[in-house]
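A.B. asks: Quick one: the structure is below, and I'll ask about it shortly.
The values are calculated or read from the model by the stated rules, or taken from the named source; none is laboratory data. All figures in this text were calculated on a predicted structure; none of them were measured in a lab. Counting neighbours? That spans all protein chains shown, and the Cβs are built from the backbone with ideal geometry, glycine included. Note: areas computed on protein heavy atoms with side chains; ligands, DNA, RNA excluded. Shrake-Rupley method; radii C 1.70, N 1.55, O 1.52, S 1.80 Å.
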Amino acid sequence: MKSLRFFLITVLFSVTNAAYAQMVTLNFKDMDINLLIDTVAEVTNKTFVVDPRVKANITVVSAKPMDSEQVYEVFLSILSVHGFSAISSGEVIKIVPQSVAKSDNIPVIGQNETKYGDTLVTQVIQVENVSAPQLIPLLRPLLPQQGHLVAYPSNNTLIISDTADNVNRLREIITRIDKADKQETEVIMLQHAAALEILNIINALEHKKATEAAANGTNGIPSIAADERTNSILINGDTNTRLRLRTLIAHLDTPLEETGRTQVVYLHYARAEDLVNVLQGVSDTETKNQEGQTTPINNNYKANIQADASTNSIIITAEPNELKNLQSVIRQLDIRRAQVLVEAIIAEISTDTAKELGVQWLFDGSPNGSGPVGATNFNNAGTSIINLAGAAAQFDKTGELPSDLSAGTFLGIGRFGSNLLNFGVLLRALSADTNVNVLSTPSLLTLDNQEAEIVVGQNVPFVTGQYTNASTGTDGATNPFQTIQREDVGIKLKVSPQINEGHAVQLQIEQEVSSISRDTTAGFITNKRSIKTTVIIEDGNMVVLGGLIDENLQQVSQKVPGLGDVPILGSLFRSQSTQKVKRNLMIFLRPVIVRDANTESLISSGKYSYMRAKQIEQKEQVLSITEQEDVPILPDLNQFITLLPASAK
């Protein structure tokens, strides 16, 4: 092997003289590339790792000697010609096919850095004036199949991976193309059409082009604005774009076909009936202003304005100048009104603690009815001992248990049936804790300056009167009747929003929370919490409307005079009850201004998805498979939108 290596070096690299001991001449034909790699490694003192797919026979003809660096440059050119690349990885150089070289550790050079030769490099080039994606079709044919070229629209840059010489060539081409185009602003005065209408038409026509330009990361649509005061269109863009739009505006700015003094205006958002009174007032004011002018006017022809509710349109019959003025007023009033989503939060936390302890006595000194009878009957100790004794006597006769026992623990002892003294002692003890946590979040969406109301609750009947008429007939029948008034019990929210200049909302609010406490013989007892106020809130902010922090402590002590004050033994002749109620109630409000369809869709889809998720969660909690199939679930939002008609989307 050593003799063969020596033979190849002797044949392929001839030394010119002793002074140029490191200078060699490359001159060989149909040599195996792996043998060339071995010899170049010895001449340049570099370490190569060769991919198994690197196979080729090469031919090189040279007439002058070269040093080791020049030999390595020629070696790189040989690899490039045969579809291979040398990738530096630390102290090792990998020889791989060019098809996989771009995914390897290719060095990345800076914006102002330059390298030469056939070394593979990657460079990020910043494009300043033109669109980077638009350069891709121009530069792609200048790269080999193994080269890599891609645009990043977000910062308008190009990423190129190829040999250093080719990257330099492409960078020079990009520099010559990347020139600033002349941008100017042009004002076009309109003679017949309205500036706002022309602007809407141009925006609609340019919408598709703008969408395609945004997908490519370019600014394919110019800046267009309308000045209603001077009835003109302002265009900012390059020469070709301004010429195209100027031609389009000239075609649109033409007088309408003469149809007399009558014009039908179809409304998009406003109600025709509401707009008629406003327009009639504008017309009357304009007529009065013209009466004092020296220019003669046609007073015999007064503007006639009517509304057609079926088509939501306005029919105007007037002189041309007045007709144009009324059309301008309609355009400014017939706009999409903003909406306000009002979300209210009613949070209530209450704690009710009760403790009762009492002893009651009952005694009969003479069973024959001639002796004294006594009792301690305390009304704060629940069921009294007298009522309990009467119920016990009833139980002896009928066998029915008493139904009017109050809550608590009862302990009774006594002696009955004695000829001397009968007595009874009743001990009652009670400890109760009640915690209530109520959270209600009603929400309501309404138009600006439009009152709206939501009621969530029950319609409860309240008896307001009753009458019973005894019949004078032989059957003895009666004709009773009652008068009933029904009231809503639950949550009521009534709002009237007004959007001020900027992002503030003025709200007139009526909030009521009512519930049924208990049913008595006199009727229902209801709890009611209401608030009526007017506030100004910034869009999306939360404000507290009002609240109640209430603490009520009631302590009742009943005792037998004298005996109840005796230490220790006095507890047998006392009844004590303590009740403590703590209540925390707060009402919060959060308005959100909905100015466009996208915001409205976002809010609605969020609420829709929340309800659907709750339904799915409830269905998963049902154990029976049969019952799971019967649980109603909202359809998927995308599927629901697909089922809607095209006009509703």
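A.B. asks: Please specify each residue of segment 302-331 satisfying the condition of being touching a residue at least 60 places away in the same chain (Cβ under 8 Å) and under 26 Å from VAL505 (Cα atoms).
C.D. replies: Hits for segment 302-331 are ILE330, ARG331.
A.B. asks: Name the residue, out of GLY570, GLY547, that is of a type in the set (Gly, Ala, Ser) and closer than 24 Å to ALA354 by Cα.
C.D. replies: Result of the check over GLY570, GLY547: GLY570.
A.B. asks: Moving to a separate point now. Quickly run through segment 146-175 and pick out the residues that are open to solvent by less than 60 Å² (accessible area, probe 1.4 Å) and part of a helix (DSSP H, G or I).
C.D. replies: ALA164, ASN166, VAL167, ASN168, LEU170, ARG171, ILE173, ILE174, listed by residue number.
A.B. asks: Let me ask you something else. Can you name the condition, by its number, that ASN236 falls short on among (1) more than 30 Å from ASN325 (Cα to Cα); (2) at pLDDT 80 or above; (3) not basic (Lys, Arg)?
C.D. replies: Looking at each condition in turn, ASN236 falls short on (1).
A.B. asks: I'm checking my understanding of the structure. Among residues of segment 176-204 that are farther than 23 Å from GLN134 by Cβ and part of a loop (DSSP other than H, G, I, E, B), which one is most open to solvent (accessible area, probe 1.4 Å)?
C.D. replies: Filtering segment 176-204 for residues that are farther than 23 Å from GLN134 by Cβ and part of a loop (DSSP other than H, G, I, E, B), the one most open to solvent (accessible area, probe 1.4 Å) comes out as GLN191.
A.B. asks: What pairs can you find where one residue is in segment 425-441 and touching a residue at least 12 places away in the same chain (Cβ under 8 Å), the other is open to solvent by 60 Å² or more (accessible area, probe 1.4 Å) and aromatic (Phe, Trp, Tyr), and their Cβ atoms are less than 6 Å apart, with a gap of 6+ or different chains?
C.D. replies: VAL425/TRP361; ARG428/PHE410
A.B. asks: Just for segment 120-135: of the residues that are open to solvent by less than 40 Å² (accessible area, probe 1.4 Å) and among the β-branched types (Val, Ile, Thr), which one is farthest from the chain's Cα centre (by Cα)?
C.D. replies: VAL121
A.B. asks: Please pick out the residue among THR474, THR464 that is farther than 30 Å from ILE499 by Cα, modelled with pLDDT under 65 and either part of a strand (DSSP E or B) or among the β-branched types (Val, Ile, Thr) (or both).
C.D. replies: Criteria check complete, one pass: THR474.
A.B. asks: Could I ask something else about it? Select from segment 28-42 the residues that are open to solvent by 50 Å² or more (accessible area, probe 1.4 Å) and touching a strand residue (DSSP E or B) at 6+ places or on another chain (Cβ under 7 Å) and list them in ascending order.
C.D. replies: LYS29, ASP30, ASP32, ASN34
A.B. asks: Then there is this: Looking only at segment 489-525, count every residue that is open to solvent by 60 Å² or more (accessible area, probe 1.4 Å), assigned to a strand (DSSP E or B) and not basic (Lys, Arg) and tell me the total.
C.D. replies: 7
A.B. asks: Right, another one. Which condition from (1) open to solvent by less than 40 Å² (accessible area, probe 1.4 Å); (2) part of a strand (DSSP E or B) is the one that ILE330 breaks?
C.D. replies: Of the numbered conditions (1) open to solvent by less than 40 Å² (accessible area, probe 1.4 Å); (2) part of a strand (DSSP E or B), the odd one out for ILE330 is (2).
A.B. asks: Next question. Looking only at segment 621-644, count every residue that is surrounded by 10 or more Cβ atoms within 10 Å (Cβ to Cβ) and either at pLDDT 75 or above or not hydrophobic (A, V, I, L, M, F, W, C) (or both) and tell me the total.
C.D. replies: So the answer is 6.
A.B. asks: Could you list all residues from segment 43-89 that are crowded, with 16+ Cβ neighbours inside 10 Å, assigned to a strand (DSSP E or B) and not aromatic (Phe, Trp, Tyr)?
C.D. replies: Selection gives VAL50, ILE58, VAL60, MET66, SER85, ALA86, ILE87.
A.B. asks: I've got another one for you. Any residue in segment 563-576 that is in a strand (DSSP E or B), touching a helix residue (DSSP H, G or I) at 6+ places or on another chain (Cβ under 7 Å) and open to solvent by 40 Å² or more (accessible area, probe 1.4 Å)?
C.D. replies: Within segment 563-576 (the criterion being in a strand (DSSP E or B), touching a helix residue (DSSP H, G or I) at 6+ places or on another chain (Cβ under 7 Å) and open to solvent by 40 Å² or more (accessible area, probe 1.4 Å)), the answer is yes, since at least one residue qualifies.
A.B. asks: Can you run down the residue pairs with Cβ atoms below 8 Å, 6 or more apart or on separate chains, where the first is in segment 241-255 and open to solvent by 60 Å² or more (accessible area, probe 1.4 Å) and the partner is outside any loop (DSSP other than H, G, I, E, B)?
C.D. replies: So the pair list comes out as ARG246/GLU186; ARG246/ILE188; ARG246/ILE235.
A.B. asks: Can you report the number of residues in segment 256-285 which are open to solvent by 60 Å² or more (accessible area, probe 1.4 Å) and of a type in the set (A, V, I, L, M)?
C.D. replies: Summing the residues that are open to solvent by 60 Å² or more (accessible area, probe 1.4 Å) and of a type in the set (A, V, I, L, M) in segment 256-285 gives 3.
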